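**Student:** Encoded as structure tokens, here's the structure I'll be asking about.
The values are calculated or read from the model by the stated rules, or taken from the named source; none is laboratory data. All values reported here derive from a predicted model rather than from experimental measurement. Quick reminder, even Gly has a Cβ in these numbers, built from the backbone with ideal geometry, and neighbours come from all protein chains shown.
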């Protein structure tokens with residue numbers, strides 16, 4: 001696993017397609033109980049090996065009480081990739097107290113999070129550092 005992620009989301013298109021800054025709008029995809037603390041919604045697929053690695057890390061963080069963690073599988077919910085203009089998975093949406101994180105996060109001068117969204121996978125240590133900065 002490398003330490004870098006590459007953002008490939010058209011943020012302008014995301015804003016045009018709907019206001020997904022509030023996690024309540026994701027209830028249609030089975031996302032619930034996210035009003036308090038840090039929640040990470042990951043868009044994934046059954047065939048994505050990187051997604052499987054990332055899921056194990058996020059489940060560990062959830063079990064440690066660091067985050068709320070939710071998955072949306074694009075195989076079962078194909079409309080989510082069109083609605084959110086996702087062209088690369090995994091895609092992670094960082095929410096704090098029910099709202100999409102409204103900031104960018106750089107680590108080692110690399111922009112991992114842009115407007116609350118990260119695309120790709122990174123190391124467990126970097127992901128934990130990101131969570132601490134949320």
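**Student:** Name the residue that is nearest to the chain's Cα centre (by Cα), counting only residues in segment 110-134 that are farther than 14 Å from residue 58 by Cα and part of a strand (DSSP E or B).
**Tutor:** The extreme case among them is 117.
**Student:** Which one of these does residue 56 not meet: (1) at pLDDT below 65; (2) under 17 Å from residue 131 (Cα atoms); (3) out of contact with any strand residue (DSSP E or B) (no Cβ under 9 Å at 6 or more places or on another chain)?
**Tutor:** (1)
**Student:** Considering each of 64, 76 in turn, give the residue that is surrounded by fewer than 18 Cβ atoms within 10 Å (Cβ to Cβ) and closer than 17 Å to residue 127 by Cβ.
**Tutor:** The unique qualifying residue is 64.
**Student:** Might you check whether a residue that is on the phi > 0 side of the Ramachandran plot and in contact with a strand residue (DSSP E or B) (Cβ under 7 Å, 6 or more places away or on another chain) occurs anywhere in segment 61-84?
**Tutor:** Scanning segment 61-84 turns up no residue that is on the phi > 0 side of the Ramachandran plot and in contact with a strand residue (DSSP E or B) (Cβ under 7 Å, 6 or more places away or on another chain).
**Student:** Kindly indicate which of 117, 86 is touching a residue at least 40 places away in the same chain (Cβ under 8 Å), more than 17 Å from residue 132 (Cα to Cα), buried (at least 17 other Cβ atoms within 10 Å of the Cβ) and touching a helix residue (DSSP H, G or I) at 6+ places or on another chain (Cβ under 8 Å).
**Tutor:** 86
**Student:** Ok, one more. So, in segment 95-134, exactly how many residues are under 18 Å from residue 50 (Cβ atoms) and in contact with a strand residue (DSSP E or B) (Cβ under 8 Å, 6 or more places away or on another chain)?
**Tutor:** 8
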